[in-house]
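Report on the structure given below.
The values are calculated or read from the model by the stated rules, or taken from the named source; none is laboratory data. Just so we're clear, the structure is a prediction, and the values are computed from it rather than from any experiment. Cβ coordinates were reconstructed from backbone atoms using ideal geometry, including for glycine residues, and neighbour counts include every protein chain displayed. In case anyone asks, the SASA skips ligands and DNA or RNA and just uses the protein heavy atoms, side chains included. Shrake-Rupley method; radii C 1.70, N 1.55, O 1.52, S 1.80 Å.
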Amino acid sequence: MPFDLQHVRQDTPGCAHVLHFNNAGSSLMPQPVLDATISHLQLEACIGGYEAAAQAKNSIEHIYDAVATLIHCSRDEVAIIENATRAWDLAFYSIPFEPGDRILTASSEYASNYIAFLQRAKKTGVIIEVIPNDEHGQVSLDALDNMLDDKVKLIAITHVPTNSGLVQPVAAIGKVARKAGVLYLVDACQSIGQIPIDVQQIECDMLSATGRKYLRGPRGTGFLYVRRALLDQLEPPFLDLHAAQWVSPNHYEIRPDARRFENWETNYAGKIGLGVAIDYTNHIGLDTIWRRIKALSYQLRSQLTTLPDVIVRDRGITQCGIVTFTIEGHDPEDIKSELAASNINVSVAVRSSALLDMDARKLTSVVRASVHYYNSEEEVTRFCQQMEKIAQ
Ligand SMILES: Cc1ncc(COP(=O)(O)O)c(C=O)c1O
């Protein structure tokens, strides 16, 4: 299907109000997502929450099929979780680590994940090791290969970090993990919805994602994928009467599918909205989306590079829609505020969100301008004109 920029912009009410380059924070929802979410809330208000859930059963169930199509898995390998952090945590805290087990990760790992590693190191005695980067600033596959031994229990990689346009070679890492028989957990929070993701090709065992960023879903939504063969080996850290059944006074049985990671009460309007957002993404097609995001971010990086004192900070062989930069003598927070005064949204990534990477690159914060397929070439040019004024 040919990409129709005018149509997707008309379908995005926010385009009339802001120049939104904060898609890595939370994207602008398309109208059908907004309509589906609001109409379920209205149904709840009119007929009751339980009754609305019963009536909307098919749209609620549809999300499992939508995710399965999106990442190429089966619907029983999907759990809908309220955000990427919790989805990742549920997978990570299910892994039965023993003292001395090694976790291999990247220097660009996200803060919440690394904090969880540190907690398990403190409580269980696991050892955290950071895989060195190659000359492009991404995980070195040779270094990873050399680090493997039978003590390595987990390889955990953030596909696209919170603080740069780097895209880690997750499929190549997956090959190494599979060959070594090591568990492989991918944080796809920033990549889902902008880069095609095929869990069979990545060969990951677990993958976490959020709804509000590049998928353009409502806030407070996300999901977890767990490979079927692994499900009965992972007992979630929390169980309730949705994840398990109380079958006799002293026994429970955990459900066999990935919904063992969910719990009973949930945001049904959000779940329906996320399903519609994923359908919307699948309909445009991730190959089209990714091609367009690469072109727009290339334009943005190229135009920014020509401005005096602007330093684009992204590394890696493949770079995505997250464009990060600094300007000599300007605080990124001030840049963000100045842009906001012109109705332009960006965010700032700070040292503590990806501390190892920021320290290695001697950065305390960067401006994060993240483009999506519905952004226009004209917006990129307008953004750079505004940046030129700020940089002077
Ligand atoms: C790489 C990465 N992982 C995880 C998260 C957390 O996602 P959520 O806020 O949906 O829990 C973020 C949020 O920015 C992120 O950038």
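Applying the criterion of being under 19 Å from SER208 (Cβ atoms) and basic (Lys, Arg) to the residues of the stretch 219-263, the residue that is surrounded by the fewest Cβ atoms within 10 Å (Cβ to Cβ) is ARG228.
Is it the case, given these coordinates, that THR306 is surrounded by fewer than 20 Cβ atoms within 10 Å (Cβ to Cβ) and among the β-branched types (Val, Ile, Thr)? Yes. Tallying residues that are small (Gly, Ala, Ser) and closer than 16 Å to TYR298 by Cβ within the stretch 309-341 yields 2. Checking ALA66, ALA91, ALA52, ALA56 one by one, the residue that is within 16 Å of the ligand (Cβ to nearest atom), within 30 Å of ARG216 (Cα to Cα) and in contact with a helix residue (DSSP H, G or I) (Cβ under 9 Å, 6 or more places away or on another chain) is ALA91 and no other.
Kindly indicate the residue of the stretch 172-211 that is of a type in the set (D, E, K, R) and open to solvent by 30 Å² or more (accessible area, probe 1.4 Å) and also nearest to the chain's Cα centre (by Cα) among those meeting that condition. Here the residue is ASP198. Restricted to the stretch 158-184, and to residues there that are assigned to a loop (DSSP other than H, G, I, E, B) and over 30 Å from VAL312 (Cβ atoms), the residue that is farthest from the ligand (Cβ to nearest atom) is GLY181. Taking each residue of the stretch 270-292 that is within 25 Å of ILE81 (Cβ to Cβ) and looking for partners that are open to solvent by less than 10 Å² (accessible area, probe 1.4 Å) and among the basic types (Lys, Arg) with beta-carbon atoms closer than 8 Å, six or more apart or interchain, yields ALA277/ARG216; TYR280/ARG216; THR281/ARG216. Among residues of the stretch 201-222 that are β-branched (Val, Ile, Thr), those with a beta-carbon under 8 Å from a residue that is assigned to a loop (DSSP other than H, G, I, E, B) and near the ligand (Cβ under 9 Å from one of its atoms) at least six positions away or on a different chain give the pairs THR210/ASN83; THR210/CYS189; THR210/THR221; THR221/GLU82; THR221/ASN83; THR221/GLY211; THR221/ARG212. Listed by position, the helices (runs of 4 or more DSSP H) enclosed by the stretch 221-335 that each have at least 1 residues that are more than 23 Å from ASP89 (Cβ to Cβ) and among the hydroxyl-bearing types (Ser, Thr, Tyr) are 268-284, 286-305.
Every test in (1) more than 9 Å from the ligand (Cβ to nearest atom); (2) within 22 Å of LEU104 (Cα to Cα); (3) in contact with a Lys or Arg (Cβ under 8 Å, 6 or more places away or on another chain) is passed by CYS189 save one, and that test is (1).
Taking (1) part of a strand (DSSP E or B); (2) away from the ligand (no atom under 16 Å from the Cβ) in turn, ALA79 satisfies each apart from (2).
Given the condition open to solvent by 30 Å² or more (accessible area, probe 1.4 Å) and aliphatic (A, V, I, L, M), answer yes or no: does some residue in the stretch 152-170 qualify? No, there is no match, as no residue in the stretch 152-170 is open to solvent by 30 Å² or more (accessible area, probe 1.4 Å) and aliphatic (A, V, I, L, M). Of all residues in the stretch 98-136, those being part of a loop (DSSP other than H, G, I, E, B) and away from the ligand (no atom under 16 Å from the Cβ) number 10. Could you please let me know if SER107 is in contact with a Phe, Trp or Tyr (Cβ under 9 Å, 6 or more places away or on another chain) and either polar (S, T, N, Q) or surrounded by fewer than 16 Cβ atoms within 10 Å (Cβ to Cβ) (or both)? Against the criterion (in contact with a Phe, Trp or Tyr (Cβ under 9 Å, 6 or more places away or on another chain) and either polar (S, T, N, Q) or surrounded by fewer than 16 Cβ atoms within 10 Å (Cβ to Cβ) (or both)), SER107 does not qualify. Given the structure, is ASP198 closer than 30 Å to SER347 by Cβ, in contact (Cβ under 8 Å) with a residue 60 or more places away in the chain, of a type outside the set (A, V, I, L, M, F, W, C) and more than 12 Å from the ligand (Cβ to nearest atom)? When the stated conditions are applied, ASP198 passes them. Every test in (1) part of a loop (DSSP other than H, G, I, E, B); (2) in contact (Cβ under 8 Å) with a residue 60 or more places away in the chain; (3) closer than 22 Å to GLY316 by Cα is passed by ILE95 save one, and that test is (3). Is it the case that some residue within the stretch 341-352 is assigned to a helix (DSSP H, G or I), surrounded by fewer than 24 Cβ atoms within 10 Å (Cβ to Cβ) and modelled with pLDDT of 95 or more? So far as the stretch 341-352 goes, yes, one or more of its residues are assigned to a helix (DSSP H, G or I), surrounded by fewer than 24 Cβ atoms within 10 Å (Cβ to Cβ) and modelled with pLDDT of 95 or more.
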